[in-house]
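**Q** A single structure is presented below for examination.
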Amino acid sequence: MGRESGHLMRARPVITDSLSPLEQRAFPHCFSKGMPNTLHRTQARTLRVVPPLVVFYFVYTWGTQEFEKSKRKNPAAYENDK
């Protein structure tokens with residue numbers, strides 16, 4: 001009952017499968033399938049993600065500049081002060 005690697009072991013309500021750590025592959029197909037899939041997904045979603053980020057960046061920088069301008073005092077209001 002589950003003493004050999006890869007054989008099913010059955011405990012009443014639970015069925016488990018065991019595999020020796022020496023037989024496992026830590027990163028199977030990581031570079032052959034994983035990397036191309038990641039690049040494909042990234043390219044597929046670039047046009048959906050990048051334009052809003054660019055718009056929000058420009059709105060944020062514009063808003064920050066306007067806020068800094070509004071904090072400055074108007075020098076014309078203080079020309080006649082001595």
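**Q** Spin-label point model (7 Å from Cα, Cβ direction): what's the R48 to K82 distance in nm?
**A** 7.0 nm
**Q** Right, another one. Test of understanding: what is the full-extension gain from R41 to S70, defined as 0.36 nm times their sequence separation minus their Cα-Cα distance?
**A** Between R41 and S70, full extension yields 6.1 nm more.
None of the figures in this text is laboratory data; all of them are computed from the coordinates on show. This structure is a prediction, so every number in the text was calculated from the model and none was measured. Glycine also receives a Cβ, built like all others from the backbone with ideal geometry; neighbour counts cover every protein chain displayed.
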